[in-house]
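*Asks:* Before I ask anything, let me first share the structure, which is written out below as structure tokens.
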Amino acid sequence: MDNLMNSPIDEELSKLSPFELKGRIIEMANDKVKKAANILLNAGRGNPNWVASEARSAFFALGQFAMNECSRTLNMPEGIAGVPEKEGISVRFETWMRENSSLAGVDFL
């Protein structure tokens, strides 16, 4: 492993900026893929400029249920809540979904 850290390619890559390094890694992966006859998924430059709103809303709705469950077991004025009880949580979740059916994301859950 030590000989990899001191290889000429290591010295070359250590001088690159993060963006140049990313490009070089993609280039190296593409070369490897061409040899292996596989496909490289290039995700581009990072985060997409869109949001999966339905799934995100469901995630936040689930978080609301989780916070309600925590507060149900312990709810201190300082903003400290407890750990949800496992016993009966599925029934409480179904009840919570019925009572909060108009909340964004609940229908997805």
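Coordinate-derived values only; no laboratory data. Here the structure is a predicted model, which is why all the values come from computation and not from measurement. Reconstructed Cβ throughout: ideal geometry from the backbone, glycine too, with neighbour counts over all protein chains shown.
*Asks:* In nm, to one decimal, how far is the modelled label at Ser14 from the one at Leu109, with both set 7 Å along Cα→Cβ?
*Replies:* 5.1 nm
*Asks:* Suppose R0 equals 30 Å; then what is the FRET efficiency for Val83 and Phe59 from their Cβ-Cβ distance, rounded to the nearest 0.05?
*Replies:* Working: r = 20 Å, r/R0 = 0.68.
FRET efficiency, Val83 to Phe59: 0.90.
*Asks:* Now a separate question. What is the spin-label model distance, in nm, from Ser102 to Ala29 if the labels are put 7 Å beyond Cα along the C-beta direction?
*Replies:* That separation, rounded to one decimal, is 4.7 nm.
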